[in-house]
Amino acid sequence: MKKVLVTGGLGYIGSHTVVALQNAGYEVVIIDNLSNTSIDVLEGITEITKTPPVFERLDLRIKSDVAAFFQKHNTLDGVIHFAASKAVGESVEKPLLYYENNINSLVYLLQECKAHNISNFIFSSSCTVYGEPDSLPINEEAPIKDATSPYGNTKQISEEIIRDVCHVSALKAIALRYFNPVGAHKTALIGELPVGVPQNLVPFITQTAAGIRKELSVFGADYNTPDGSCIRDYIHVVDLAEAHVKAVEKLIRAENTAKFSVFNVGTGQGNSVLEVVHAFEEVTGEKLNHTIVDRRPGDVVAVYADTKKANEELGWKAARDLKDALASAWAWEKKVRGL
Ligand code: UD1
């Protein structure tokens, strides 16, 4: 049985990836510092897969703890690195927190991978590296634009660090550039658990439908798009999780030609904010209070993925659509709220 370390494995995308890995026959070790999630997620994972993953509560910013972890777990076949801070607005307020957490942790992990001859590394990147695209759909050859937030900058810098390390060591790495992950596991045993007021669209929608928020603010309906609202590529988190399994498998089987490669992970389909609102209403039968307000500073108008590279080289394609994702997000919200 191949053994994979998942950092941030109790987080939103991490937990779904742990389930996908266990379902594909991998043994999983999770590191999480529980800074943005709950230990209950471990139970949710175990209930789904009937296999408790190994869990170590650990903060990757503490270099000596990272070293001790790798002393104990020295037979890993691969690492999938999710653990990072991810709130764009917070990163503007607290840049040093973001650079410390997202960059130091990566460096310490890579140092230990080198020391223990662990050469297969998957990194959690983001389509935010493309900024406002020059053309759509966007492929992996598109230029990297100046980051508009410290969060986005940490994703760019991390990709560069990994690429540089690959050049001079045995490390082989894949960076997956996610578009907009949404939805939850079909069992409603794991899903997204935003702390405080959600900044992302779908959790705000489900909390509004659940009566926790009064109404959704649609940030701008005067953009140059068919209905005036921004367009994104919303990918079901379970599809996204499965992309990680394909990626780590490719590295473990030594099927990759490049030492470092990047892949877009999206559906290839763009949907506007208002389309998401209407799809949610249609699929759940819930009326969603929403109002159009000013644009949110920093939002790009439209971004969706060219997924050809992931389709062809990873043998992966999104299998679930927006409605599946919204239905699962709503089932999860109802479960969390006891509705
Ligand atoms: C951005 C980044 C993404 C990053 C994520 C982390 C881009 C293209 N994407 O996603 O890489 O991982 O932040 O948070 O930079 N919206 C509303 N009302 C709301 C919330 C959102 O209208 O209450 C709209 C936004 O204006 C946007 C869309 O919904 O058009 C999606 O927003 P959000 O879920 O925050 O994700 P991004 O900003 O696309």
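The values are calculated or read from the model by the stated rules, or taken from the named source; none is laboratory data. Quick caveat: nothing in here was measured; it's all calculated off a predicted structure. In this analysis, Cβ positions are derived from the backbone assuming ideal geometry, glycine residues included, and neighbour counts consider all displayed protein chains. Heads up: the accessible areas ignore ligands, DNA and RNA and are worked out on the full protein's heavy atoms, side chains in. Shrake-Rupley method; radii C 1.70, N 1.55, O 1.52, S 1.80 Å.
Give the longest segment of the chain that steers clear of GluC sites (Glu not before Pro) in DSSP loops with at most 13 neighbouring Cβ atoms within 10 Å, not counting the sites themselves.
Numbers: sites that count: 141, 215, 255.
No qualifying site falls inside 1-140, the longest such stretch.
Between residue 114 and residue 23, what's the calculated FRET efficiency when r is the beta-carbon distance and R0 is 30 Å? Round to 0.05. It would help to have the intermediate numbers written out before the result.
Details: r = 30 Å, r/R0 = 1.01.
About 0.50, to the nearest 0.05.
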**OP:** Could you tell me which of the pairs 2/246; 94/214; 63/94; 145/308 are separated by over 18 angstrom between their Cα atoms in the structure shown?
**Re:** 94/214; 63/94; 145/308
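Pulled fully out, how much extra length does the chain show between residue 62 and residue 100, if you take 0.36 nm times their separation in residues and subtract their Cα-Cα distance? Could the numbers behind the result be given before it?
Values: separation 38, 0.36 × 38 = 13.68 nm, distance 1.06 nm.
Using 0.36 nm per residue and subtracting the Cα-Cα distance, I get 12.6 nm.
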Original post:
For the chain, with only Lys/Arg (+1) and Asp/Glu (-1) charged at the beta-carbon, what is the dipole magnitude about the Cα centre, in debye rounded to 20?
Top reply: 720 debye
Original post:
For the pair residue 335 and residue 282, how long in nm is the line joining their label points, each one 7 Å along Cα→Cβ?
Top reply: 2.5 nm
Original post:
Helix-derived [θ] at 222 nm for the chain: sum -39500 (n - 2.57) over DSSP H runs of at least 4, divide by residue count, nearest 500?
Top reply: -11500 deg cm²/dmol
**OP:** Obtain the nm distance between the two label points defined at residue 40 and residue 289 by a simple spin-label model: each point lies 7 Å from its Cα along the Cα-to-C-beta direction.
**Re:** 2.5 nm
**OP:** Return the tail of the calculated pair distribution for region 146-195, meaning the percent of Cα-Cα pairs more than 13 Å apart.
**Re:** 71 percent
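Which values, in whole Å and largest first, are the semi-axes of the equivalent ellipsoid of the chain obtained as the square root of 5 times each eigenvalue of the Cα gyration tensor? Walk me through the numbers before you get to the answer.
On the way: eigenvalues 193, 103, 71 Å².
Values for the chain, descending: 31, 23, 19 Å.
Test of understanding: what is the full-extension gain from residue 319 to residue 93, defined as 0.36 nm times their sequence separation minus their Cα-Cα distance?
Details: separation 226, 0.36 × 226 = 81.36 nm, distance 3.74 nm.
This chain segment gains 77.6 nm when fully extended.
Given the Cα-Cα distance of residue 296 and residue 50 and 0.36 nm per residue of separation, how much length would full extension add, in nm? Display every interim value, and only then the final one.
Numbers: separation 246, 0.36 × 246 = 88.56 nm, distance 4.29 nm.
Here the segment from residue 296 to residue 50 would lengthen by 84.3 nm.
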**OP:** Using amide H atoms built 1.01 Å from N in the peptide plane, name the residues 5+ places from residue 138, or on other chains, whose amide H lies under 5 Å from its own.
**Re:** 304, 305, 306
**OP:** Rank these by accessible area, largest first, 1.4 Å probe: 75, 307.
**Re:** 75, 307
**OP:** Based solely on C-alpha atoms, express the radius of gyration and the Dmax of region 1-80 in angstrom.
**Re:** 11.8, 33
**OP:** Could you point to the residue in 230, 322, 183 farthest towards the positive end of the chain's charge dipole, with +1 and -1 charges on the Cβ of Lys/Arg and Asp/Glu respectively?
**Re:** 183
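Tell me which trypsin sites (Lys or Arg not before Pro) from region 130-192 have a DSSP coil assignment and no more than 16 other beta carbons within 10 Å of their own. Don't skip to the end; give the middle numbers.
Details: sites: 145, 155, 163, 172, 177, 186; in loops: 145, 186.
Qualifying residues, ordered by number: 145, 186.
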